[in-house]
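The values are calculated or read from the model by the stated rules, or taken from the named source; none is laboratory data. Remember, it's a predicted structure, so these values are computed and weren't measured experimentally. Virtual Cβ from ideal backbone geometry, glycine too; neighbours counted across all protein chains shown. Accessible surface areas use protein heavy atoms only, side chains included; no ligands, DNA or RNA. Shrake-Rupley method; radii C 1.70, N 1.55, O 1.52, S 1.80 Å.
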Amino acid sequence: MHPLEQLRDDALREIAAARDEKSLEGVRVEYLGKSGSISEWGERMKTLGKEERPVVGKLLNQARKAVTAALDQRAGKVRADKESDALASIDVSLPGTPHNTGSLHPLHQMHERGIQIFRRMGFALAEGPDIETEWYCFDALNTPPDHPARNEQDTFYLPDGRLLRTHTSTVQIRAMESAPPPIRVIASGAAYRRDELDATHSPQFHQIEGLYVDENVSVADLKGELEFFMRELFGADSEVQFRPHFFPFTEPSLEVYVRSKALKGGEQWIEVAGCGIVHPAVFEAVNKARGDNAYDPEKWSGYAFGLGMDRLAMILFEIPDIRLFSQNDLRFLKQFA
Ligand code: DAH
């Protein structure tokens, strides 16, 4: 056997025995590296005689080819083994890693329920900013300059004279300024008052405002529609009571009370909203701002209401303290996920 054949066989044996990429590389260097034992035969060729040279050249080529091919093949096998070893160490029967999914805040859920019902009743969604002018919050709503609600003790004023809206009734004015009657809108959002934070009061609270202006709108429409709403929300057995009240922007004005088995066993009347027939002075203010007589109080009438959404959510979800809404406590929030 020619020494080159011997070297080739040695190399192939070592390759077959190699268990990782590092030892394969060692074999490659040993035989095919610059001064590897097979490569050296390339130099040695020059010293050989004419007859021997082609024979050795052929053997050298064959040895190189065989060893290179074996190295490649073995490297592929080593890599595949490594991968399947890694996969074998994974226990597919272990439970997966759960994703943290968020959920809607209970107040948000309450608003969505309310909005859904009003949408079915044909109300469109209107919008207005939380930072308002005195005009939208008070003047246009027939609230005189000496009204206690305008007091700095009750209302958050900004240094520039604007304020945080004390109710969502501001959106009534904005909606009427931007569209002539008939109009049928609700607005959902936050309102702000300088109340001390306790179990039932919060300086930020939430309302759904409603406004319907058309020909011949009466208290009967108002009562019928709010009753329908309350029954949708609290169940068919809900009873609704309207008690006389005062708001500057409605005449007559009413407070809405609800009683239902779903709420505290059905024993208690719970106040949930203010409402009334839109005061003609509100239409006049809107006309003045519009510069026309679109809301002619002789021709059009309307009803309006403001629902306290924090209160509704508290009684519906049996939440004992309004502060829970803003404390960001996951133990509380997760109960509504
Ligand atoms: N804005 C009143 C409040 O926050 C609630 C209210 C009463 C809204 C009568 C109305 C209404 O639209 O007609 O206390």
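General remarks:
- Per-selection Rg to Rh, the chain - Cα, Kirkwood hydrodynamic radius: 1.57
- Relative contact order (%) - criterion: Cα under 8 Å, at least six apart; region: the chain: 15 percent
- Global geometry of the range 32-71, whether rounded, prolate or oblate, following the gyration tensor of its Cα atoms and the 1.5 cut on a/c: oblate
- Close amide H contacts of residue 250 (hydrogens built in the peptide plane, cut-off under 5 Å, sequence separation of 5 or more or a different chain): 279.
- For the chain, the solvent-accessible area with a 1.4 angstrom probe is 56 square angstrom per residue.
- Total charge dipole magnitude, the chain, about the Cα centre, Cβ charges on Lys, Arg, Asp, Glu only, Debye to nearest 20: 2220 debye
- Across the options 124, 316, 170, the greatest Cα extent toward the positive end of the charge dipole of the range 106-336 (unit charges at beta carbon of Lys, Arg, Asp, Glu) belongs to 316.
- Gyration tensor verdict on the range 153-228 (Cα atoms; rounded if a/c is under 1.5, prolate if a/b is larger than b/c, oblate otherwise): oblate
- C-alpha long axis of helix 280-290 to longest principal axis of the chain, angle in °: 50 degrees
- Rounded to the nearest 10 degrees, the angle from helix 219-234 to the longest Cα principal axis of the chain is 40 degrees.
- Residues in the range 203-214 carry Karplus couplings, in order, of x, 10, 9, 9, 9, 10, 9, x, 8, 10, 10, 7 Hz; the curve used is 6.51 cos²θ - 1.76 cosθ + 1.60 with θ = phi - 60°, and Gly or Pro positions show x.
- Take residue 71: with every protein chain present and a 1.4 Å probe, its accessible area is about 20 Å².
- Sequence of 35, 238 when ordered by accessible area, the most exposed leading, probe 1.4 angstrom: 35, 238
- For the range 32-38, 3J(HN,Hα) per residue [Karplus equation, 6.51 cos²θ - 1.76 cosθ + 1.60, θ = phi - 60°, Hz, x = Gly/Pro]: 10, x, 3, 10, x, 5, 6
- Put simply, the amide H of residue 276, placed in the peptide plane, has neighbours under 5 Å in 254, 304, leaving out anything fewer than 5 places away on its chain.
- With the convex hull of the Cα atoms taken as the outline of the range 121-170, the averaged projected area works out to 4.1 nm².
- Furthest towards positive pole of dipole, 49, 109, 210, structure part the chain, Cβ charges: 49
- Under 24 Å of direct C-alpha separation, and excluding same-chain neighbours fewer than eight residues apart, residue 34 reaches these lysines: 22, 46, 58, 65.
- With Cα atoms, 0 to 90° folded angle of helix 52-88 axis to the chain main axis: 30 degrees
- Percent carbon-and-sulfur accessible area, the chain, ignoring ligands, DNA and RNA, probe 1.4 Å: 51 percent
- Taking the range 146-249 and dividing mean pair separation by its residue count, relative contact order in percent (alpha carbons under 8 Å, at least six apart): 21 percent
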